[in-house]
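The next block holds one structure in the form of structure tokens; read it before the comments.
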Amino acid sequence: PNFRRIAQDLKLYLDLGIEAMFCEGSAVPGGQFEGLRQYLQAQLLWNPDVDAWSIMEAWTAGVYGARAGGYIMDYPKLLEDHVQKNDVHVLSFGGGQEVQPQIFTPEILKKGQELWDKAERAADEPLRNRIFAARAPEMCSRLFHPGLKYAIKGNLLKSQPAPDKKLRDRFVRAALQ
């Protein structure tokens, strides 16, 4: 969760007199909010004084529809508020495993699911399919939640608790879109 940080950093670089910038964002299909992240960075490079959340709200409304976009915007706000309130820091290079339980608490997983469910219900076709595909990272966070334990049983890798097969199948469908 770093949208606020992106906006703060780009403003800082301008204030320091830096004239050129290369932004390396998530351009990988399936990355959480890869299109939004790229759009936000482009807009802030043109004008780092604009309000980042307004840019993000306009983008989500345009891509997912006004009603669904509002619920979707609540998801990064939920994550960013949570990490800020709880002083959670994700390292840039590796080390993500130890912060997963701090970010994806049972409460955050539940609230995140509720927001994406509302977004899907609020959208008409074909936007509902677009939202379904965009929520794959949220579903992944629930599939591989921090409380999951793995053990080898014969030649199989088993998890405890057992995976939610309906969620697993839904995630695979979303990830393949």
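The values are calculated or read from the model by the stated rules, or taken from the named source; none is laboratory data. Because the structure is predicted, anything quoted here is derived from the model rather than measured. Note: ideal-geometry Cβ built from the backbone for every residue, glycine included; neighbour counts use all protein chains shown. Ligands, DNA and RNA are stripped out before the accessible areas are found, and what is left, the full protein with its side chains, is counted by its heavy atoms. Shrake-Rupley method; radii C 1.70, N 1.55, O 1.52, S 1.80 Å.
Here are the numbers for the structure shown:
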read-out: Count - residues of the stretch 145-165 that are in contact (Cβ under 8 Å) with a residue 40 or more places away in the chain and either polar (S, T, N, Q) or closer than 23 Å to Ile72 by Cβ (or both); value: 1
read-out: Evaluation of Gln84 against (1) at pLDDT 95 or above; (2) farther than 23 Å from Gly35 by Cα (one fails), failing number; value: (1)
read-out: Whichever residue in the stretch 1-22 is open to solvent by 80 Å² or more (accessible area, probe 1.4 Å) and within 19 Å of the chain's Cα centre (by Cα) and, among such residues, is farthest from Gln84 (Cα to Cα); value: Gln8
read-out: Odd one out for Val90, checked against (1) at pLDDT 90 or above; (2) within 15 Å of the chain's Cα centre (by Cα); (3) more than 26 Å from Leu167 (Cα to Cα); value: (1)
read-out: Residue in the stretch 112-132 that is among the aliphatic types (A, V, I, L, M) and surrounded by fewer than 17 Cβ atoms within 10 Å (Cβ to Cβ) present; value: no
read-out: Filter result for the condition that a residue is at pLDDT 95 or above and either out of contact with any helix residue (DSSP H, G or I) (no Cβ under 8 Å at 6 or more places or on another chain) or exposed (fewer than 12 other Cβ atoms within 10 Å of the Cβ) (or both), over Gly62, Gly69, Gly96; value: Gly62
read-out: Per-region count, the stretch 13-34, residues under 18 Å from Pro76 (Cα atoms) and either at pLDDT 90 or above or among the polar types (S, T, N, Q) (or both); value: 3
read-out: Some residue of the stretch 154-164 being at pLDDT 85 or above and within 24 Å of Pro1 (Cα to Cα); value: no
read-out: Of all residues making up the stretch 136-157, the number that are farther than 19 Å from Pro101 by Cβ and open to solvent by 100 Å² or more (accessible area, probe 1.4 Å); value: 4
